[in-house]
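Data first, discussion second: the structure below is written as structure tokens.
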Amino acid sequence: MNIVIAGAAETDEVGRLPDRSTFQLHLEAARNALADAGMTKHDIDGIATVGTPGPIQIAHALGITPSWLDGTGVGGSSFLFHVRHAAAAIRAGLCRTVLITHGESGRSRVGAGRWGLGADSLLGQFELPYGVAGPPTSFTVTALRHMKETGLTHEQLAEVAVAQRRWSSRNPRAMYRDLITVEDVLESKMVAYPFHLLECCLVTDGGGALVVTSEELSRRSPVYLLGSGEAMDAPMVSQMEDFTTSKGFRLSGEAAFAEAKISHDDVDHLMVYDAFAHVPVYGLEDLGFVGRGEAGAFVAEGHTSPGGRLPMNTNGGGLSYTHTGMYGMFAIQESVRQLRGEAAAQVPDVEVSVVLGNGGMFASAATLVLASRLP
């Protein structure tokens, strides 16, 4: 059975949306994805989402009584997990068509949960007392070790943000569109060494949704799921096996490539979760597109920019397009657009796109291999 993404759409807008709650963003994205798929709620018998509201609340609000639900929550990669789980459920006959939703008022905090770590949590006990609190300070641990051991420079790290701004400058929906230079990045505010402001993800509102089903039930030209993989590293950044590489990236990528029966030369387009500028560096190396310590130069030489041989994060990514807090849904959306030939910054002749998702500080990872046609 061939599993496909039959519908994909984001909320009407992304960015600053103080007039819409988290719940409203979920429902708006669901409505748009169903319309994109040419389907109605009556076609849906599976629901997947993460956080609050969960799948039961979403199903009830839409008037759906699903036979399968998934509330897997492993951070920003959750939506890639949902696609993989939906494919397995459909093949097992547990449901026929799954709606995956995401909505997050990450900037305006309308209907969003409260921030905070319990003092008795792992992070509260073993990292917070040492000043490691939240993504900017947690991710510095990995970035600095990678720079020390591989020779990744500040200028090369800045090049990641510069490359992605080249893409977002072509995307009318992107929050940041003005072209920037390495000097602009290095002169922007220092947030937590070595991260300057322009090397840190945006904080926005928005959402997206997907309709996953079998090829037989798709009502429009589908995007095929050729392979997928999921993995983990450690619940805390301090417990990673190696700060300079993501075990989750490696294992999920290996599984997805093996299932899809593809090589790196088959990949036309790449989306790597980019909460901070060093995460695409890890993605390029851990997926095997370049060798250890080579990703910084690869990006600086323009290979991931418009006209490069491996277009990456072509919507502008979490650094320039949007980042609501959990970004994985938007990475999938851009891959679908590229494979359909509908992207704002369209890459010519995209037939195979790889999406790599990160959850937490390299805690979880998932990889999808998507294609415009079967091999």
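The values are calculated or read from the model by the stated rules, or taken from the named source; none is laboratory data. Quick caveat: nothing in here was measured; it's all calculated off a predicted structure. Backbone-built Cβ (ideal geometry, glycine too); neighbour counts: all protein chains shown. Just the protein is used for accessible areas: all its heavy atoms, side chains included, with ligands, DNA and RNA removed. Shrake-Rupley method; radii C 1.70, N 1.55, O 1.52, S 1.80 Å.
Does residue 87 qualify as being closer than 22 Å to residue 38 by Cβ and open to solvent by 10 Å² or more (accessible area, probe 1.4 Å)? If you could, list the steps in order and put the result at the bottom.
Working: closer than 22 Å to residue 38 by Cβ: yes; open to solvent by 10 Å² or more (accessible area, probe 1.4 Å): no.
Answer is no for this residue.
I'd like the full set of residues that are surrounded by 17 or more Cβ atoms within 10 Å (Cβ to Cβ) and more than 23 Å from the chain's Cα centre (by Cα), limited to segment 129-143.
Hit for segment 129-143 is 132, nothing else.
Residues checked against (1) within 25 Å of residue 338 (Cα to Cα); (2) of a type in the set (A, V, I, L, M); (3) in contact (Cβ under 8 Å) with a residue 60 or more places away in the chain:
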{"position": "226", "(1), (2), (3)": "yes, yes, yes"}
{"position": "234", "(1), (2), (3)": "no, yes, yes"}
{"position": "237", "(1), (2), (3)": "no, yes, yes"}
{"position": "268", "(1), (2), (3)": "yes, no, yes"}
{"position": "280", "(1), (2), (3)": "yes, no, yes"}
{"position": "285", "(1), (2), (3)": "yes, no, no"}
{"position": "288", "(1), (2), (3)": "yes, no, no"}
{"position": "296", "(1), (2), (3)": "yes, no, yes"}
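Report yes if residue 197 is of a type outside the set (Phe, Trp, Tyr), without any contact (Cβ under 8 Å) to a residue 24 or more places away in the chain and open to solvent by 20 Å² or more (accessible area, probe 1.4 Å), otherwise no. Step through it out loud before you land on a result.
On the way: of a type outside the set (Phe, Trp, Tyr): yes; without any contact (Cβ under 8 Å) to a residue 24 or more places away in the chain: yes; open to solvent by 20 Å² or more (accessible area, probe 1.4 Å): yes.
Yes: the conditions hold for residue 197.
Please give the number of the condition residue 356 fails out of (1) within 16 Å of residue 174 (Cβ to Cβ); (2) surrounded by 24 or more Cβ atoms within 10 Å (Cβ to Cβ); (3) touching a helix residue (DSSP H, G or I) at 6+ places or on another chain (Cβ under 8 Å); (4) not polar (S, T, N, Q).
With (1) within 16 Å of residue 174 (Cβ to Cβ); (2) surrounded by 24 or more Cβ atoms within 10 Å (Cβ to Cβ); (3) touching a helix residue (DSSP H, G or I) at 6+ places or on another chain (Cβ under 8 Å); (4) not polar (S, T, N, Q) applied to residue 356, the lone miss is (1).
The conditions are (1) in a strand (DSSP E or B); (2) under 22 Å from residue 354 (Cβ atoms); (3) aliphatic (A, V, I, L, M), and residue 191 fails exactly one of them. Which is it?
(2)
Which one is nearest to the chain's Cα centre (by Cα), of the residues in segment 56-75 that are open to solvent by 20 Å² or more (accessible area, probe 1.4 Å) and within 18 Å of residue 366 (Cβ to Cβ)?
The first filter runs over segment 56-75 and keeps only residues open to solvent by 20 Å² or more (accessible area, probe 1.4 Å), leaving 56-57, 60-63, 65-69, 71-75.
Filter once more, so that each one left must be within 18 Å of residue 366 (Cβ to Cβ): 71-75.
Details: 71: 17, 72: 15, 73: 14, 74: 12, 75: 10 Å.
Ranking the candidates gives 75 first.
Return the residues of segment 11-55 that are charged (D, E, K, R) and in contact with a helix residue (DSSP H, G or I) (Cβ under 6 Å, 6 or more places away or on another chain); say none if nothing qualifies. Steps first, answer last, please.
Applying the first criterion (charged (D, E, K, R)) to segment 11-55 yields 12-13, 16, 19-20, 28, 31, 36, 41, 43, 45.
41 - this is the single residue of segment 11-55 that is charged (D, E, K, R) and in contact with a helix residue (DSSP H, G or I) (Cβ under 6 Å, 6 or more places away or on another chain).
So which of 204, 213, 150 ends up being touching a residue at least 40 places away in the same chain (Cβ under 8 Å), among the hydroxyl-bearing types (Ser, Thr, Tyr) and over 30 Å from residue 86 (Cβ atoms)?
Values: 204 fails: over 30 Å from residue 86 (Cβ atoms); 213 fails: over 30 Å from residue 86 (Cβ atoms).
Only one candidate qualifies: 150.
Go through segment 217-313 and tell me which helices (runs of 4 or more DSSP H), entirely inside it, have 1 or more residues that are in contact with a strand residue (DSSP E or B) (Cβ under 6 Å, 6 or more places away or on another chain) and either modelled with pLDDT under 95 or surrounded by fewer than 22 Cβ atoms within 10 Å (Cβ to Cβ) (or both). Please lay out each step first, then the result.
Details: elements: 247-260, 278-286, 295-300.
Where helices (runs of 4 or more DSSP H) fall fully within segment 217-313 and carry at least 1 residues being in contact with a strand residue (DSSP E or B) (Cβ under 6 Å, 6 or more places away or on another chain) and either modelled with pLDDT under 95 or surrounded by fewer than 22 Cβ atoms within 10 Å (Cβ to Cβ) (or both), they are 247-260.
If I filter segment 176-187 for residues that are within 22 Å of the chain's Cα centre (by Cα), more than 21 Å from residue 310 (Cβ to Cβ) and either crowded, with 20+ Cβ neighbours inside 10 Å or not basic (Lys, Arg) (or both), do I get at least one hit?
Of the residues in segment 176-187, the ones within 22 Å of the chain's Cα centre (by Cα) are 176-177.
With more than 21 Å from residue 310 (Cβ to Cβ) added as a condition, the list becomes 176-177.
Those still in the list that are either crowded, with 20+ Cβ neighbours inside 10 Å or not basic (Lys, Arg) (or both) too: 176.
Yes, there is a match, as at least one residue in segment 176-187 is within 22 Å of the chain's Cα centre (by Cα), more than 21 Å from residue 310 (Cβ to Cβ) and either crowded, with 20+ Cβ neighbours inside 10 Å or not basic (Lys, Arg) (or both).
The rows are residues; the columns are (1) assigned to a strand (DSSP E or B); (2) in contact with a Phe, Trp or Tyr (Cβ under 6 Å, 6 or more places away or on another chain).
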{"residue": "1", "(1), (2)": "no, no"}
{"residue": "5", "(1), (2)": "yes, no"}
{"residue": "17", "(1), (2)": "no, no"}
{"residue": "32", "(1), (2)": "no, no"}
{"residue": "36", "(1), (2)": "no, no"}
{"residue": "59", "(1), (2)": "no, no"}
{"residue": "72", "(1), (2)": "no, yes"}
{"residue": "84", "(1), (2)": "no, no"}
{"residue": "95", "(1), (2)": "no, yes"}
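Given the conditions (1) over 19 Å from the mean Cα position of the chain (by Cα); (2) open to solvent by less than 10 Å² (accessible area, probe 1.4 Å), and given that residue 161 satisfies all but one, which numbered condition is not satisfied?
Residue 161 satisfies every listed condition except (1).
Could you list all residues from segment 67-98 that are touching a helix residue (DSSP H, G or I) at 6+ places or on another chain (Cβ under 6 Å) and under 8 Å from residue 46 (Cβ atoms)?
If the condition is that a residue be touching a helix residue (DSSP H, G or I) at 6+ places or on another chain (Cβ under 6 Å) and under 8 Å from residue 46 (Cβ atoms), then 68, 69, 70, 95, 97, 98 are the ones that fit.
If residue 80 meets every condition in (1) without any contact (Cβ under 8 Å) to a residue 12 or more places away in the chain; (2) among the hydrophobic types (A, V, I, L, M, F, W, C); (3) surrounded by 24 or more Cβ atoms within 10 Å (Cβ to Cβ) apart from one, which number is that one?
For residue 80, the failing item is (1).
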